[in-house]
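The values are calculated or read from the model by the stated rules, or taken from the named source; none is laboratory data. Given the structure is predicted, the values throughout are model-derived calculations rather than measurements. We place every Cβ from the backbone using ideal geometry, glycine too, and count neighbours over all the protein chains shown. Each accessible area value is taken on the protein alone, full model and side chains, heavy atoms only, with ligands, DNA and RNA left out. Shrake-Rupley method; radii C 1.70, N 1.55, O 1.52, S 1.80 Å.
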Amino acid sequence: MRILVVGSGGREHVTVWKFLQSPQVEKLYIAPGNDGIGHLAESEPRLERVPVRENEELLALAEEKAVDLTFVGPERSLSEGIVDLFTAHSQAIVGPTADASRLESSKAYAKDVMVDLGIPVAPYRHFTDPEEAKAYIAQCGYPVVVKADGLAAGKGSIVCTSEEDAFQAVETCMVERKFGASGDRVVVEKRLYGQELSFFCFTDGKTIKPMAWARDYKPVFDNDEGLNTGGMGGYSPNDEVDPTLVSRIMDEIGLPLVHGFAERYGITYRGILYIGLMLADEPDGLQPYVLEINVRMGDPEAQVIYPRLLTDFVDISVAMVNEELEGLAYEWTNDYYLCVCATSGRTKGKKGWYRGYPRRYAVKKPIKGLESMSADTLVFHSGTCWDDERGQFLTDGGRVLSVVVGDPSLEKAGQRVYQELEKISFEGMHYRKDIG
Ligand code: AMP
Ligand code: GLY
């Protein structure tokens with residue numbers, strides 16, 4: 001099999017690593033990838049990095065290299081219609097179409113669809129006028145979350161503690177336009193309390209199977225303080241998720257969403273479905289509410305879920321494309337995998353002090369210590385670049401790399417990850433100390 005993986009983050013690094021475990025993979029292209037993945041290609045002759053990122057260029061690459069199957073990581077390529085384009089040219093590809101990807105690319109649309117299908121979500125309204133949004137906030141009388149409607153790399157939801165905070169969040173999205181056109185509409189939603197869970201399903205459009213779940217830590221600082229990020233770390237599996245809860249999530253959310261979307265909206269959803277949940281502690285037990293739908297794997301959830309997967313990833317991908325999921329059994333290790341992301345924190349850059357990811361951050365800081373990682377520790381690169389002259393990696397993004405350890409005990413996995421992280425250093429390095 002000749003496979004093409006699309007994307008450039010830590011999620012794509014682990015996806016490539018997972019595909020390469022399959023003896024069925026004869027050639028694997030990653031586009032555009034990153035320098036960490038490029039480094040892997042030096043010792044893996046089956047892997048080749050190709051520096052293209054636009055959908056048309058990716059199609060030309062797939063055709064030229066006679067790729068058998070393309071696997072898409074990032075939401076942007078999906079919402080820009082890569083699946084529609086490849087399918088129109090008879091190229092096999094895993095992922096939802098542009099229409100289906102609206103479940104992620106418009107939070108307002110996703111909420112309206114879910115309410116229509118009877119799926120539990122927090123009370124909300126959406127607005128294109130900042131004054132109307134503020135008037136709603138003033139009268140609703142409970143803490144809210146203000147969300148830019150469109151894509152914002154995980155940073156577009158502002159969890160507010162006061163009315164002033166919420167007004168400011170409306171200004172940030174709609175007036176200062178921090179997220180560009182993505183914030184021209186905002187969703188104002190009741191703030192829920194409980195434990196978050198990222199729940200993943202595989203679906204071929206007909207069969208939908210629960211896959212795995214992970215806890216993701218979104219806020220930048222310990223104890224969930226500070227701004228939301230794309231994810232600072234996580235672990236899988238989660239002990240609070242028992243078979244009864246899985247059945248409820250499937251019956252109340254996963255199945256009605258995929259089936260209702262097809263029946264009422266005429267849209268077939270195929271690929272990975274990421275259901276972002278709040279498990280609210282209510283008098284009659286844990287109640288799952290959907291906070292968000294994403295149309296792809298999570299980052300860093302992929303870094304803790306894919307290492308647990310024992311089934312050949314090629315078989316799963318092929319089954320999703322060929323509508324053969326029903327007959328596919330897949331297996332997981334019982335070990336816990338835990339991931340901590342090292343990010344570019346507060347440091348001095350060319351134009352003075354930067355507060356660090358998810359705000360402005362400096363780049364091109366040398367990363368030391370990668371060579372001293374233990375053999376069974378996994379390191380996946382997100383924002384790094386290779387410096388030929390110095391012969392070392394430099395930082396090149398907000399999330400720089402993730403360190404992942406598997407262990408039969410979650411506590412030990414946590415201890416081991418933090419021991420490994422202490423071996424790495426770069427100027428301004430920041431990571432959460434409380435993952436797991
Ligand atoms: P979203 O952009 O909708 O995925 O939300 C990003 C993050 O904001 C979530 O993972 C939660 O941490 C937080 N969040 C979103 N909606 C709510 C809500 N209704 N109540 C509490 N936290 C929320
Ligand atoms: N970790 C959250 C996301 O991938 O959206």
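Data for the structure
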item	result
Filter result (open to solvent by less than 30 Å² (accessible area, probe 1.4 Å) and either in a loop (DSSP other than H, G, I, E, B) or more than 16 Å from ligand 1 (Cβ to nearest atom) (or both)) within the range 104-118	S106, L117
Filtered residue count, the range 312-337, keeping only those that are part of a loop (DSSP other than H, G, I, E, B) and open to solvent by less than 20 Å² (accessible area, probe 1.4 Å)	0
Tally of residues being part of a strand (DSSP E or B) and more than 24 Å from Y431 (Cα to Cα) across the range 200-220	9
Members of the range 196-254 that are more than 28 Å from V417 (Cβ to Cβ), open to solvent by 10 Å² or more (accessible area, probe 1.4 Å) and either of a type in the set (A, V, I, L, M) or within 16 Å of ligand 1 (Cβ to nearest atom) (or both)	I208, M250
Within the range 278-290, considering residues that are among the aliphatic types (A, V, I, L, M) and surrounded by 19 or more Cβ atoms within 10 Å (Cβ to Cβ), the one farthest from ligand 1 (Cβ to nearest atom)	L286
The range 255-277: number of residues that are open to solvent by less than 60 Å² (accessible area, probe 1.4 Å) and more than 22 Å from A122 (Cβ to Cβ)	5
Any hit, the range 258-271, residues being out of contact with any Cys (no Cβ under 7 Å at 6 or more places or on another chain), assigned to a strand (DSSP E or B) and modelled with pLDDT of 95 or more	yes
Evaluation of S101 against (1) in a helix (DSSP H, G or I); (2) under 19 Å from the mean Cα position of the chain (by Cα); (3) under 27 Å from L394 (Cβ atoms) (one fails), failing number	(3)
Qualifying residue in the range 365-375 (condition: within 28 Å of I3 (Cα to Cα) and either more than 16 Å from ligand 1 (Cβ to nearest atom) or free of Cβ contacts under 8 Å to residues at least 40 places away in the same chain (or both))	yes
Wholly enclosed strands (runs of 3 or more DSSP E) of the range 339-411 bearing at least 3 residues within 17 Å of the chain's Cα centre (by Cα) and of a type in the set (V, I, T)	399-407
Of all residues making up the range 296-310, the number that are farther than 20 Å from M232 by Cα and either open to solvent by 20 Å² or more (accessible area, probe 1.4 Å) or within 16 Å of ligand 1 (Cβ to nearest atom) (or both)	1
Breaking point among (1) within 18 Å of the chain's Cα centre (by Cα); (2) farther than 26 Å from K107 by Cβ, for L78	(2)
Checklist (1) modelled with pLDDT of 95 or more; (2) open to solvent by 40 Å² or more (accessible area, probe 1.4 Å) applied to K178, failing item	(1)
Among the residues listed as V146, V159, V121, the single one being in contact with an Asp or Glu (Cβ under 9 Å, 6 or more places away or on another chain), open to solvent by less than 20 Å² (accessible area, probe 1.4 Å) and within 18 Å of Y193 (Cβ to Cβ)	V146
Pairs with Cβ under 7 Å, 6+ apart, first in the range 272-292 and under 26 Å from T207 (Cβ atoms) and of a type in the set (A, V, I, L, M, F, W, C), second part of a strand (DSSP E or B) and open to solvent by 10 Å² or more (accessible area, probe 1.4 Å)	L277/E196; L277/Y289; L277/L291; L279/Q195; L279/L286; V290/V121; L291/M278
Residue count for the range 181-195, restricted to those that are within 10 Å of ligand 1 (Cβ to nearest atom) and either open to solvent by 30 Å² or more (accessible area, probe 1.4 Å) or more than 20 Å from V113 (Cβ to Cβ) (or both)	5
